[in-house]
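Note sheet for the following structure.
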Amino acid sequence: MNKKPFLIPLVLLGLVAPTAHAQTTYKCKAADGTVQFSDRLCRGGVQVRVNVQSDSPQRKAESDARIERDKALADQVQASRAAREQAARAAQDQQQQINQGIANTVEQARVQQRAGTKSVNPGTAVPERTN
């Protein structure tokens with residue numbers, strides 16, 4: 001089985017997890033004197049660097065633990081699915097063997113019927129009596 005479908009959401013989760021990074025922000029002063037920050041340049045605005053701090057080490061550890069639990073759960077789900085699929089294939093194979101056995105028995109009966117014999121036991125043919 002391919003694990004990639006399970007890993008994609010986990011990778012995306014890791015990408016959205018909070019991390020420390022710098023972001024370009026613009027500081028703008030409104031006509032009434034209030035200061036506003038924006039991600040877009042405004043008239044008379046000045047570009048400033050704002051460092052967004054990551055969560056605490058405890059939160060990062062909790063996030064990492066959650067990701068590990070999710071990975072373990074994904075592995076369990078995948079293993080369970082693989083086991084169910086294997087059991088289904090085995091049952092299908094068994095049913096095909098049964099069907100093939102039935103088809104063989106029916107074909108043997110037809111051949112024997114055409115030959116004018118009756119089968120008493122499998123493998124033992126007795127000629128039919130005619131009066």
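Of note:
- Considering only residues in region 10-43 that are part of a loop (DSSP other than H, G, I, E, B) and surrounded by fewer than 10 Cβ atoms within 10 Å (Cβ to Cβ), the one that is modelled with the lowest pLDDT turns out to be 20.
- Matching residues in region 76-123 - criterion: being of a type in the set (Ser, Thr, Tyr), out of contact with any helix residue (DSSP H, G or I) (no Cβ under 8 Å at 6 or more places or on another chain) and at pLDDT below 90: 117
The values are calculated or read from the model by the stated rules, or taken from the named source; none is laboratory data. If you're wondering where the values come from, they're calculated on a predicted model, not measured in any experiment. FYI the Cβ positions are ideal-geometry reconstructions off the backbone, even for glycines, and counts take in every protein chain you see.
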